[in-house]
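The values are calculated or read from the model by the stated rules, or taken from the named source; none is laboratory data. Predicted model only: the values in this text are computed from it and were never measured. Reconstructed Cβ throughout: ideal geometry from the backbone, glycine too, with neighbour counts over all protein chains shown.
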Amino acid sequence: MNRRLNTILVQCVSITVAFALGAVVIKMIGISPLFAYGALLNGSFGSINAIGETLVKMTPLILTGLSYAFAARAGLINIGAEGQLYVGGILATLVGSNFAGLPMIIHVPFAVAAAFAGGAVWGGLVGLLKVKFGANEIITTVMLNYIAIYLVSFLVTGPMKAPPGTMPESRPIVDSAQLVRILPGTRLHIGIFIALLALLFYYFFIFKMRQGYEMRVVGNNMESARAAGMRPQRTMVLAMLLAGGMGGLAGGVEILGIQGRLLQSFSPGYGFDGIAVALVGVNNPVGIVLGALLFGFLRAGGNRMQLIAQVPVSVIYVVQGLVITFVIIGQNLHVFQKVGVNRPFRRKTGDGPAPEVL
Amino acid sequence: MDTYETVLEMRGITKVFPGVVANDAINFDLRKGEVHALLGENGAGKSTLMGILSGVYQPTEGSIVLEGAPVRFDSARDAIHNGIGMVYQHFMLVPKLTVAENIMLGIKRPKEPLLQIDKASEQIVAFARTYGMDLDPEQKVASLTVGQQQRVEIVKALFRGAKILVLDEPTAVLTPKEIQELFSMIKMLTDQNFSVIFISHKIDEVIEISNRISVLRRGKLEATINNEGVSKEELAGLMVGRDVSFCVEKTPCCPGDSVLALEGVGLKDREGRPLLKDVNFEVHEGEIFGVAGVDGNGQDELLEVITGLRSASEGSVCIVGQEVLGKSPRQILEMGLAHIPADRQARGLVLSMDIKENFIINDYYRSPHSKRDIISWPFVRKHTKENIERFDVRTSSIDTPVSTLSGGNQQKLILARELHGKPVLLAAMHATRGLDVGAIEYVHQRILEQRAAGTAVLYISTELEELMSFSDRIAVMFRGEIMGIVRPEEVTIDQIGLMMAGSIT
Amino acid sequence: MKKGLLLLLAVLLFPIVSFAEGQKEGESSDQLKVAALLPGPINDGGWNTNMYDSLKFMEKELGAKIAYTERTPASDYEEIFRGYAASGYNIVFGHGFEFGEPAEKVAKEFPDVTFIITSTSISQPPNLGSFLVDDFQCGFVQGAVAAILSKSGIVGYVGGMEIPPIVNQSKGFVAGAKYVDKSIDAKALLTGSFEDIAKAKEMSKSLIAEGADILVADADESNHGVIEAVEEAGALVIGSSGDIYETVPDARDVILTSMTENMPKGLTVLAKSVADGTFEAKNYIIGLHDGAVALAPFRDKASLVSADQQAQIDKIIQDLKDGTIDLNQYK
Amino acid sequence: MELLSYLLATDLRMAAPILIAALGLLFMEKSGVVNIGCEGMMLFGTFFGVFFARLSGSPWIGLLFAGMTGMVIGLFFAFIVVTLRANQIVTGIALNIIAQGATSTLNRLIFGVSSQAANAPGFEVVPIPLLSKIPVIGDSLFNQMGPIYLALLLVPLIRWFMMKTTMGLKIRAVGEHPHSADTAGINVRSVRYGSILAGSFLVGAAGGFLSLGILSLFSENMVSGRGYIALAVIIFGKWNSWGVLAAALVFGLGDAVQIKMQTAGSSIPYQFLMMLPYILTILALSGFVGKAESPAASGKPFRNDEL
């Protein structure tokens, strides 16, 4: 219990360090950090609309965070949320921009499901390559990100281009497939509930369902899993399917709730932020919400910082990067204080998720 | 007694790890040209002591004196430069590199930034010859046999100018023949005034090879005695802290009908080398069937075939008349198999998960543990509590990660998991390895209970004494073959030793 | 341990606070406030710089308070429009067709804020209009000029991303070249990105290797790549949407001319019309006819242009102005 | 012939920055360190390359400092992943984000906002007498910029270093089996620090060559994915510098061909040609192009209190 409190505190310090350094940079470009951070806060919590925006940003972040977390539970590192998000977007658009006239009650779930499926395929592919050919998931996911991004770029300038066909964008999502806005004057849409449901599902699946239990066993000790009669390969593919699905959902809600149609590079890097979100939240449901809150806050407030305080977007990237870096540092500082070595000689066991790289 | 030249002295060495005192004020000295054995059970503190000597750890208290001068080893490098050569139980060789590369690795030659591997190879070969050893410097270590690898390790140490050789459990992975070769090598080295520290928990070997014996127990030095007419029982007593008789109290066995039956089981590895050859035996109800043999003679494969983790390339394995080959591990578990794996941490438990989660690892998927894919934790908690009490697993709560349990308690947890429902067949390997005497007796008692209850027990071990006293019949394995099946009361340990070395009696 | 952390926390907050000082806000209620959303960075030396210059021009001419958002993420168009509108800006520009749709949404919510979207032809009374440079026409002139002055009979066009203004201009380029001489070989290439300069440079090189001796650069940031290639391989370059003779002075010895879209002027006129209430929510197209688009003088390279070539060029431009050449037949 | 010569030349030019970066990564990979942050490191290199080339008026100085910048970033990276044993992938991603922001910010702070991109004296083509006269290959191989020759020399050099020197052996051992290396008296951490620093120098220099060789100016995010390609090149080249060269050329060729195809007016959407390197990598990883074998300890942090 005490240790948990401690980690939380460390996280806070790390994040503060990041912001402190950010302040220095902002000062360098001749803007008052307090004013800038004022705008940051104001743009993220200052008004109904601001809060709405923060929630809007949190929606995909929660989902991409879950994407990383699902894989991590099975001992896999999924860098591919960005790509899964794009493929989810494609599928959501295909369903959402067609079938006009379907009742919303059917059309929306249909489109969302399609997004999930799209991402799941993109993620499942990684799982298959891993178990069938031992292709390292980190690299394959990185590569599939690029492939997905170019795929979208091809589709919107080619097959899916909206008539008359000058603009690189798909036909719009028909009304019956759009996610309803729930807070007037803001863009907050029911996607947030989809995200929270997904979060709930994650919690329930991982801690209450047998497949989730299998995932944790496989992720922590593959050998024991096999000896107990589990099928690690299946479990890993399932984990990547779900991880991908979550990434796909992120793309789906973004397209159906915000964009209204498929565009080139429509994600501002939600997929990569998701990694940080899960990292900050140590793959724990509550943690993921907090992580998403942090980065949603940065994104929503970041716009405001640029809008009001005229802080260039590049500086906002710096602050974001610093936050991730210092959270990592914070989480690893314990190497300086020797704790938790209760067996003098640790033998190499399959214990603990130590996903090898390359 | 003529005067000895002491080359190494470790004075009052204490090493404290968070939570454990691994070494407690240990005094240890080594004389030129002697073999000084360090005897003790796993976890007695041998490895830690040697870790300190080799610079991996720094002592909390105490000092090391080398040829009269106090020294301090901050790193493995320091120890090596001071002429201390470690040969670890798990060899420290890089499989992908060649023998020569492995030996040259880390040798400081400030004048020569270049490897000049050919020149080095010649040196190595010549050097090895002077100790009557043949090495092929070009070969990749991965392609060598265990014995050869050990030789490389020793040459590696000597080549670095080691005067003191530390052998950590060197025989664990060797066949009796290889052991004899090793021993003659050690003798030859000591004749040339090298000093050897011989770490082992095998009493006979220690008696055979060493001049002096130091016994460690629970991090403390029990005694250092000259190896003149000391008896096994004496040493064993020191090791475990009180006199133990090597016979387990047990009722005469009354075998029922066959439970496990292997017929002509064979298994080959990827290169087609045989791992198991025409293995035949039956294990009956209420019988403990021991399997003896040096590690790595097919015992692991045998267990993997029976538990379905590997499928044999030929033959048949039947449990109560049902063929299990081709069945999945889960199907076999469901046929009433209980499995105590060789390495409880690598294959038995999930250290980072808690006790209840580890307890249900075999049953989590079926009612009443879970209904329609949903685990019913209330039942699991209740069920786990009952059984860990029954099997006396000492823990504050069932929600603590098993990594915090002692080795004994971890093994008890596995027993609780595997034995709480009546298994028809118990397949156990190294079930007592690394446990203290109390825990060992506990494990034995539990297994005997199973035997009494009519379970068929397959008990694989490398500890001959244990097998002799514990099992009703013993099969001896060598190079994947069963050399023979004997009754302990009809043979001597030496006869079995011979069979383990490959000679059929 | 924990105390220490808390202490550290306090210490860290120090710089943030210490750097704090009141931000002067030259707020006068009647001051015209203009904001713009940009797809890329203001210093790309092309499309985005164009808008940046326009803002600066309005600051100068109309004394407007200006603000902008760079590299606007697609997911935030709508939100940032709303942000500017809500914080009292009178005019918000969306610099590119892609801003059209979100602008239409937000415009409804803020009837008294004017929205102007560039390079598209949408409009939504009362407060959303658009500003379109006739890219096809620009391309046509560039193509014609290149064709007339090319010695090799091969001319090239290097564009950036595959988006309407680029695509149109490239089509216009080919049409213009062919208009002058059916046999001319006019190659139009797209790098697919505004950022991958190295690529733009290689493409230009390959075009020159193919024999092209005059290139049109229309890839924003990547123009730098085109210009470098031309400098190294010895060809001439025609600039787009701005006078590169002024913006890239180092390269003057290879700059033939530019198509100057005087966006600053055009947009400032619009802004002014908003200020004095004469703005109409319609599509303003600027082209040769209203002088907002023009062919820059050949300056140093005038010597390369013979009298009758000059005459030929002037005629084409004139015909375009008075519609003697109907471009629709080429589109 | 004409075409071939042209392709070779373009290929070599486009491949060079990727090759240099990949050779840098090779050092890290061999010692068991994976650096997804390559993209960011290169970006820093591109900026400071231009910055110092302007100051000094010499592209060589610029290149040198680009490398140094890489090393500084490398030191930071090494501290986090070696000393703190943090997850290398996530650290790399953070590095990329910071680099993108920091370089743009610095660009504006130092060179201000103008349509004139910050440019600097670039590298000149140095034809090698005689050799450059050889038909076809002559013009493409021996009529290049200085750094390209160096990059090509590095290939055998690094191979030799890895296989024939004690240091190389240490690096390989640390990447394969850190604990053996440790017990053999090698300081695993310092070897990794060393490899990371050496590698980062090359990666930074690769960025420098991009902004001073291929071009002679800095523009925001100009690396545009080449860092990731370099990562792919390592796998495709099977952790062997010759393989890396081959792979870099293959990917460079992809670019060259793609450009050629567009000039020739091909109809294949460029997006597919852009995907090619990534698809190839996945195939390589899946063993369709021959199984790629990574150093065993790759990506695993090392702690010497366990055996």
* Asked: For the subset of the range B:361-381 comprising residues that are facing chain A (nearest Cβ under 8 Å) and assigned to a loop (DSSP other than H, G, I, E, B), which member is farthest from A:Met230 (Cα to Cα)?
  -> B:Asp373
* Please list, ordered by first then second residue, the pairs with beta carbon atoms under 7 Å, 6 or more apart or interchain, first in the range B:201-212 and in the same structural domain as B:Ile186 (by TED's automatic domain parsing) and in contact (Cβ under 8 Å) with a residue 60 or more places away in the chain, second surrounded by fewer than 21 Cβ atoms within 10 Å (Cβ to Cβ) and part of a helix (DSSP H, G or I). => B:Ile203/B:Lys232; B:Ile203/B:Ala236; B:Ile209/B:Phe183; B:Ile209/B:Ile186
* Here is a list of conditions, (1) closer than 27 Å to C:Ile313 by Cβ; (2) of a type in the set (A, V, I, L, M, F, W, C); (3) touching a Leu at 6+ places or on another chain (Cβ under 6 Å), and C:Cys138 meets all of them except one; can you say which number that is? -> (3)
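Residues checked against (1) without any contact (Cβ under 8 Å) to a residue 12 or more places away in the chain; (2) within 20 Å of C:Lys151 (Cβ to Cβ); (3) within 12 Å of another protein chain (Cβ to nearest Cβ); (4) in a helix (DSSP H, G or I):
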residue	(1), (2), (3), (4)
C:Phe194	no, no, yes, no
C:Lys201	no, no, yes, yes
C:Ser204	no, yes, yes, yes
C:Gly211	no, yes, yes, no
C:Val216	no, yes, no, no
C:Glu221	no, no, yes, yes
C:Glu232	no, yes, yes, yes
* Residue within the range A:269-280 that is closer than 30 Å to B:Asp300 by Cα, within 11 Å of another protein chain (Cβ to nearest Cβ) and of a type in the set (Asp, Glu) present -> no
* Asked: Taking into account only those residues within the range D:206-251 that are at the interface with chain C (Cβ under 10 Å from one of its Cβ atoms) and part of a helix (DSSP H, G or I), which is modelled with the lowest pLDDT?
  -> D:Ile214
* Asked: If you check D:Lys164, D:Lys170, D:Lys238, D:Lys133, which single one turns out to be charged (D, E, K, R), surrounded by 21 or more Cβ atoms within 10 Å (Cβ to Cβ) and over 16 Å from D:Met41 (Cα atoms)?
  -> D:Lys170
* Checking C:Ser183 against (1) more than 30 Å from C:Ser306 (Cβ to Cβ); (2) over 17 Å from the mean Cα position of the chain (by Cα), the condition it does not meet -> (1)
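Quickly run through the range C:52-81 and pick out the residues that are within 7 Å of chain A (Cβ to nearest Cβ) and under 21 Å from A:Phe266 (Cβ atoms).
Within the range C:52-81, C:Thr69, C:Glu70, C:Arg71, C:Pro73, C:Ala74, C:Ser75, C:Asp76, C:Glu78, C:Glu79, C:Ile80 qualify.
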* Structure fact -> The number of residues in the range D:108-133 that are among the hydrophobic types (A, V, I, L, M, F, W, C), in contact (Cβ under 8 Å) with a residue 24 or more places away in the chain and either more than 30 Å from A:Gly30 (Cα to Cα) or part of a loop (DSSP other than H, G, I, E, B) (or both) is 3
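What do you reckon, is C:Ser273 under 30 Å from C:Asp112 (Cα atoms) and either in a strand (DSSP E or B) or out of contact with any strand residue (DSSP E or B) (no Cβ under 8 Å at 6 or more places or on another chain) (or both)?
yes
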* In the range B:111-131, is there at least one residue being closer than 26 Å to B:Val206 by Cα and surrounded by fewer than 20 Cβ atoms within 10 Å (Cβ to Cβ)? -> yes
* To do: Take A:Thr186 and decide whether it is in contact (Cβ under 8 Å) with a residue 40 or more places away in the chain and in a loop (DSSP other than H, G, I, E, B).
  => yes
* How many residues does the range B:267-305 hold that are over 30 Å from B:Gly256 (Cβ atoms) and touching a residue at least 40 places away in the same chain (Cβ under 8 Å)? -> 6
* Structure fact -> In the range B:367-387, residues that are in contact (Cβ under 8 Å) with a residue 24 or more places away in the chain and exposed (fewer than 14 other Cβ atoms within 10 Å of the Cβ) total 0
* Qualifying residue in the range A:314-337 (condition: in a loop (DSSP other than H, G, I, E, B) and at pLDDT below 85) -> yes
* Asked: From the list B:Ala100, B:Ala44, B:Ala37, B:Ala69, which one is of a type in the set (Gly, Ala, Ser), more than 14 Å from chain D (Cβ to nearest Cβ) and out of contact with any strand residue (DSSP E or B) (no Cβ under 9 Å at 6 or more places or on another chain)?
  -> B:Ala69
* Structure fact -> Contact list, first residue from the range D:4-28 and within 14 Å of chain C (Cβ to nearest Cβ), second anywhere and among the polar types (S, T, N, Q), beta-carbon distance below 7 Å, six or more apart or interchain, is D:Ser5/D:Ser140; D:Leu8/D:Ser140; D:Ala9/D:Ser140; D:Thr10/C:Ser206; D:Leu12/D:Ser140; D:Leu12/D:Gln144
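If you scan the range A:83-106, which residues turn out to be of a type in the set (A, V, I, L, M) and in contact (Cβ under 8 Å) with a residue 12 or more places away in the chain?
Passing the criteria: A:Leu85, A:Val87, A:Ile90, A:Leu91, A:Ala92, A:Leu94, A:Val95, A:Ala100, A:Leu102, A:Met104.
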* Hey, A:Gly291 at pLDDT 90 or above, within 13 Å of chain D (Cβ to nearest Cβ) and surrounded by 24 or more Cβ atoms within 10 Å (Cβ to Cβ) or not -> yes
* Structure fact -> Counting only residues in the range A:29-43 that are facing chain C (nearest Cβ under 10 Å) and of a type outside the set (Ser, Thr, Tyr), the one nearest to A:Phe295 (Cα to Cα) is identified as A:Gly43
* Structure fact -> Filter the range D:182-204 for residues that are hydrophobic (A, V, I, L, M, F, W, C) and facing chain B (nearest Cβ under 7 Å); the one that is nearest to D:Ala66 (Cα to Cα) is D:Ile186
* Could you figure out which of (1) modelled with pLDDT under 85; (2) part of a helix (DSSP H, G or I); (3) within 15 Å of the chain's Cα centre (by Cα) isn't true of C:Ser241? => (2)
